[in-house]
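Taking it in order: structure first as structure tokens, then the write-up.
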Amino acid sequence: MGAGSSTEAEREPLLAPSSAEAGSPPVNSRVYGRRWLVLTLFSLLALMQGMVWNFWGPIQNSAGHAFGFTKSDIAVLVLWGPVGFLPWFLFMWLMDKKGLRASLLLSAFFMLLGAALRSIPLTDKPLRRWLIHGGQLLNGLAGPTIMSAGPFLSTTWFAPDQRATATAVASLFGYLGGAASFVVGPLVVPAPNDTQAVTTAAVSDNTIRDRIQLVMYAELTAIAVLFAAVLLYFPSRPPMPPSVAAASQRLSYRSSICRLLSNLRFLMIALAYAVPTGVIAGWSGVLDMVLTPAKVSQVDAGWIGFWSTIGGCVFGVAMARFADSIRGMLKLILVLMLAGASLSSTWFTLTCLSRVTHLPSTAAILYTSCILVGIFINSSVPIFFELFIETVYPVPEGITCGVVTFLGNLVTGLLLFFLTFYCTELSWLNWCLTGSCLFSLVLILFFRESYDRLYLDVFVSV
């Protein structure tokens, strides 16, 4: 089906296999301790990119008072993240030709410029709003590298029994940044009113604006420090590769794109990834708006979003470590995760319609169901990435994950685009989330898995 599996010629390693005893690593491979520093710098950049992207959604009520933002404005500010993926092919080409350092430096520069632009303390509100929108767009332009390069980094620097774990850490730190913004924003920036009270706000708009400015200055400082660290030390690759697969011949950029677009198995699993992850990204970006009709305050909505994302990150790293220990189980893991996501999203959607379904709607139920949705969907991201790479190997990891993250952001962009027109009643967003999980589960059930990269590391290195 489609392009099928790779040929023997394409799997031929550039490093000669060892003639020593079976199971020994290639003689010219080596794992370096500095890989943890590289992973840390990349992950911290992903953390800050996620924090900046999700900055406005958790404080949408405060932003409305401070800058006059409407619900449509908040949706557009979140939308700039997916829009930044439109030139994804340029970043993937740069990563393929020049290595991860060049692509990451460019992305970090966009993040720094965007954070500086939106932090300029102008008193002219219209001009200030344009600068904030411009800063969010520049931060979105860092997304193609930040969200796609995790598997490329893990293959380049880590041994086969650590790859899924490294992919999970690099991929999920961006989600961790989004989770941090759910807490930092509502805790530092005071809400203009209490959604459960009818009293007027106890704080002035100037106080709210000053607190927002304080958070933006802090994020600008953190991004500047990380940009300097990457500039001083972030090699594209180690002196020697960590495995046979890391050193093997890969397809060219043009051949990779053609192969991906003609591989029906890849397109099938790409849709299974892009639809639920794209929907939950847009849904979580406006979670405060979704939960406001359920009488959930801005702070409580922030904590719900925080714990749902944190749970997904922790569970995702644990499942990736499990996948490293027991190989060849990626499809089964995804089936279990998506089944759990389908059940929990249905529970959350019906709970929000308690007037119709007569289901109990309490804070504990909203917390539990929403957190379970985040755990199951967000934790599936690194497992999806590993299965993508195994399915289409020897296509380079950065190109493969660049295509699928573009598709996911395309889904997010379409969802937020519709939200700018239909922002008064948001129950349709919950139904989109439930439908996306069920759709993905059906696709995964009919997907036929293969492990070409694992074959190379296990059998060719023997």
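The values are calculated or read from the model by the stated rules, or taken from the named source; none is laboratory data. Owing to the predicted nature of the structure, the values given are computational and were not obtained by experimental measurement. Counting neighbours? That spans all protein chains shown, and the Cβs are built from the backbone with ideal geometry, glycine included. The accessibility values were calculated without ligands, DNA or RNA, using every heavy atom of the protein model including side chains. Shrake-Rupley method; radii C 1.70, N 1.55, O 1.52, S 1.80 Å.
What is the spin-label model distance, in nm, from L264 to L332 if the labels are put 7 Å beyond Cα along the C-beta direction?
2.8
How big is the accessible area of I365 in square angstrom, nearest 10, if you roll a 1.4 angstrom probe over the protein chains?
I365 exposes around 30 Å² with every protein chain in place.
Just how much of D210 is accessible, in Å², when a 1.4 Å probe is used and the result is rounded to the nearest 10?
Probe radius 1.4 Å; accessible area of D210 about 100 Å².
In nm, give the distance between the simple-model label positions of R34 and I365, each being 7 Å from the Cα along the Cα-to-Cβ direction.
5.6
Roll a 1.4 Å probe over the protein heavy atoms and report the accessible area of Y253 in Å², nearest 10.
Estimated to the nearest 10 Å², Y253 gives 40 Å².
Where the accessible area of segment 199-281 is counted over protein heavy atoms with a 1.4 Å probe, how much of it, in %, is carbon and sulfur? Provide the component values of the computation, followed by the final result.
Details: 2500 of 3730 Å².
Solvent-exposed carbon and sulfur of segment 199-281 make up 67 percent of the total.
Taking the Cα-to-Cβ direction at L214 and at M240 and moving 7 Å from each Cα, how far apart do the two end points lie in nm?
Spacing of the two 7 Å Cα→Cβ label points: 5.3 nm.
With a/c under 1.5 counting as rounded, go ahead and sort segment 139-189 into rounded, prolate or oblate using the C-alpha gyration tensor (a ≥ b ≥ c being the square roots of the eigenvalues; past the cut-off, prolate if a/b is larger than b/c, else oblate). Don't skip to the answer; put the middle values down first.
On the way: a/c = 5.23, a/b = 2.04, b/c = 2.57.
In terms of gyration-tensor shape, oblate.
How big is D, in µm² s⁻¹, for segment 249-299 by Stokes-Einstein at 4 °C and 1.567 mPa s if Rh is the Kirkwood radius over C-alpha pairs? Don't skip to the end; give the middle numbers.
Details: Rh = 14.0 Å.
After rounding, the answer is 93 µm²/s.
Excluding residues on the same chain fewer than 8 positions from K295, give the lysines whose Cα lies under 18 Å from its Cα.
K71
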